[in-house]
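These notes are about the structure you will find just below.
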Amino acid sequence: MSYEPKEKDLQDYSSEPQSAVVDEVNRQGPEVDLALADDPHRGLRMRHVQLIAISGSIGSALFVSIGNPLTSAGPIGLLLGVAIWCAVVWAASNCLIEMTCLLPVDGGFIHYAGRFVDKSFGMALGWNYVITQLALICFELVSLNVIVEYWTLTLHPAIIISVGLVAFFIIQIWSVRWFGEIEFYISITKVFLMIGLTLYTFITMVGGNPLGDKYGFRYWKTPGPFAGEVNFRKVLTGIFDSLSWATFAVVGPDYISLIGGEVKNPRRILPKAFNSTIYRILCFYLTGALCVGIVSSSTDENLLGAISAGAPGAAKSPYVISMNRLGIPVLPSLVNALILISIFSTGNSFVFVASRSLFSLAHKNQAPAILKRVNRHGVPWVAVCVTLAFGCLSYLSVSSGTVKVLNWWINLVGAAQLVSWTCIGFTYLRFRSGLKAQNLLNTNYLPVKGYLQPFSGWYVVVWSPIVFFFSGYYLFYPGAFAGPDFVFAYGSIFIFLAIYIGSKIYQTVYQKEKHFVVPANEIDFVSDIDHIDALTQASEAKRASKPQTKAQKFSDFFF
């Protein structure tokens with residue numbers, strides 16, 4: 001599945017053309033322009049891409065808020081719910097790998113939605129995704145303050161939020177290479193934290209703790225594999241609660257798609273990055289869900305009290321509660337500090353992705369033109385500033401209460417993510433229909449192909465709306481309906497539809513658009529391909545002419 005360019009690829013990237021489109025694509029100049037390989041806008045290397053994918057997917061959710069689904073689902077229910085959603089994300093990765101490796105351009109899947117489905121559809125998806133990322137930025141900024149409260153309650157919440165915003169600005173505003181390097185080293189901390197917590201789980205469960213308590217899988221037996229009274233309804237709602245939490249926590253392939261336009265030699269790097277999605281899922285999400293169910297009981301009074309009372313910082317983390325229960329000194333503070341770094345890194349990635357989404361919308365005239373402005377390193381500095389300005393909404397926590405505001409962002413993000421995943425799946429199915437209609441599906445036109453297609457595409461399209469529809473099931477219990485909760489649970493679909501319908505009316509009335517979606521035989525598979533092919537040739541030629549250093553070989557081995 002991974003793409004390894006061969007010598008003939010440098011001369012004719014798609015040999016044996018089988019349509020007029022492919023003939024158009026394969027017209028190439030007599031010389032390779034090596035300057036393309038040094039485009040400052042494309043400053044991200046393999047190690048940057050891999051760590052950004054990790055950075056954007058491992059934050060406070062995996063270390064702190066994972067305690068919430070544990071209390072409602074139990075250890076097995078938590079594991080099952082996370083596994084179900086991880087399968088959806090992996091299927092989405094199989095869709096994105098084909099589109100992104102063919103067209104690694106700014107805007108990623110937002111660009112593809114407008115190109116393969118409809119401009120209005122792309123606009124609605126783009127703004128939905130921007131809202132998602134802006135909410136995530138606010139969530140992580142508020143979480144920074146929550147974590148700092150583990151050590152002190154005297155520091156004003158606005159101070160930490162302000163420090164976070166300023167730090168994001170400094171890292172993001174100058175160069176994508178600068179951002180990539182800083183994010184690379186910060187993200188390594190997350191990897192070590194996850195590895196450390198996994199080792200902690202294994203060592204302590206076999207008796208390596210101050211109490212000598214060989215607790216093993218005790219909590220899977222008592223209080224049991226599922227939380228509360230074991231009946232079909234309780235087990236099902238518990239699993240669904242953990243699945244809903246996973247829609248907020250489990251991400252990654254979408255970030256790889258969005259940064260595709262800023263990656264060096266994208267057709268060599270991106271396939272490896274997408275293929276590693278399965279390993280991130282196994283090593284971080286499923287392993288994390290397993291470990292949490294081992295170290296903490298779903299009925300632990302400290303965990304339940306932390307959730308109901310909104311206990312500050314990592315005191316709410318199942319890992320820290322476990323460490324305190326076992327009488328382990330120093331380690332809780334160390335873990336809390338690493339969680340703090342992890343949250344900062346995740347927020348930094350969200351700023352990057354949100355600003356690039358705004359930049360992409362501006363280039364399609366679906367956002368103010370001023371957002372197109374870039375500095376001499378190709379960084380959309382206006383979009384970065386606007387993104388950080390919206391991050392100031394996190395100051396709401398100062399007056400409204402931290403826990404309440406965190407729940408607002410969680411509910412909003414979960415619902416908006418589900419809309420985005422549904423759109424990604426639908427975009428891929430249109431992409432595949434276009435390839436089939438233009439006789440490109442069974443050729444070597446695609447640099448790389450995803451697993452289990454078109455099943456993966458349909459899996460995303462079916463599962464995401466189902467989860468979205470039932471995400472607010474608790475609101476329909478007798479007497480449980482609450483207006484604000486309904487808005488945060490389902491509001492994103494109304495925002496999406498309002499933007500889509502408004503844009504569609506404008507297209508129909510003023511631009512005389514005749515089609516509901518772009519006809520399959522008219523989908524554009526030509527634009528940008530010549531440039532990407534030339535970039536690939538230049539990157540491969542430079543790679544062949546310049547021997548790798550030991551450090552680069554070491555980096556390639558691990559990333």
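Within segment 125-153, being of a type in the set (G, A, S) and touching a Ser or Thr at 6+ places or on another chain (Cβ under 7 Å) holds for G126, S143.
In segment 172-199, of all residues being closer than 17 Å to R45 by Cβ and polar (S, T, N, Q), the one that is most open to solvent (accessible area, probe 1.4 Å) corresponds to S175.
Looking at segment 78-195, the helices (runs of 4 or more DSSP H) lying wholly inside it that each contain 1 or more residues that are more than 30 Å from F455 (Cα to Cα) and in contact (Cβ under 8 Å) with a residue 12 or more places away in the chain sit at 119-148, 157-172. Among the residues of segment 139-158, those that are open to solvent by 50 Å² or more (accessible area, probe 1.4 Å) and at pLDDT 75 or above comprise W151, T154, L155, H156.
For segment 459-475, a tally of residues being farther than 15 Å from S93 by Cβ, open to solvent by less than 10 Å² (accessible area, probe 1.4 Å) and either in a helix (DSSP H, G or I) or modelled with pLDDT of 90 or more (or both) returns 2. Just one of the numbered conditions (1) surrounded by 15 or more Cβ atoms within 10 Å (Cβ to Cβ); (2) not in a helix (DSSP H, G or I) is not true of P478; which one? Status for P478: all satisfied but (1). Among the residues of segment 366-412, those identified as open to solvent by 20 Å² or more (accessible area, probe 1.4 Å), small (G, A, S) and at pLDDT 85 or above are A369, A389.
Within segment 281-292, the residues that satisfy the criterion of being surrounded by fewer than 22 Cβ atoms within 10 Å (Cβ to Cβ) and either farther than 19 Å from S93 by Cα or not aliphatic (A, V, I, L, M) (or both) are C283, T287, L290.
Checked against the criterion of being touching a helix residue (DSSP H, G or I) at 6+ places or on another chain (Cβ under 9 Å) and at pLDDT below 90, segment 214-222 has no qualifying residue. The residues of segment 413-458 that are open to solvent by 30 Å² or more (accessible area, probe 1.4 Å), out of contact with any Leu (no Cβ under 8 Å at 6 or more places or on another chain), part of a helix (DSSP H, G or I) and not small (G, A, S), listed by number, are T422, F426, R430, K436, F455. The one condition from (1) in contact (Cβ under 8 Å) with a residue 12 or more places away in the chain; (2) surrounded by fewer than 16 Cβ atoms within 10 Å (Cβ to Cβ) that F202 does not meet is (1).
Of the candidates L165, L125, the single residue that is closer than 21 Å to P253 by Cβ and at pLDDT 90 or above is L125. Contact map, segment 512-534: residues that are among the small types (G, A, S) paired with residues that are at pLDDT below 85 and open to solvent by less than 50 Å² (accessible area, probe 1.4 Å), Cβ distance under 7 Å, separation 6+ or inter-chain. Pairs shown: A534/L36.
The values are calculated or read from the model by the stated rules, or taken from the named source; none is laboratory data. Computed from a predicted model, the values in this text were never measured in an experiment. Backbone-built Cβ (ideal geometry, glycine too); neighbour counts: all protein chains shown. We work out accessible area using only protein heavy atoms, side chains counted, and drop any ligands, DNA or RNA first. Shrake-Rupley method; radii C 1.70, N 1.55, O 1.52, S 1.80 Å.
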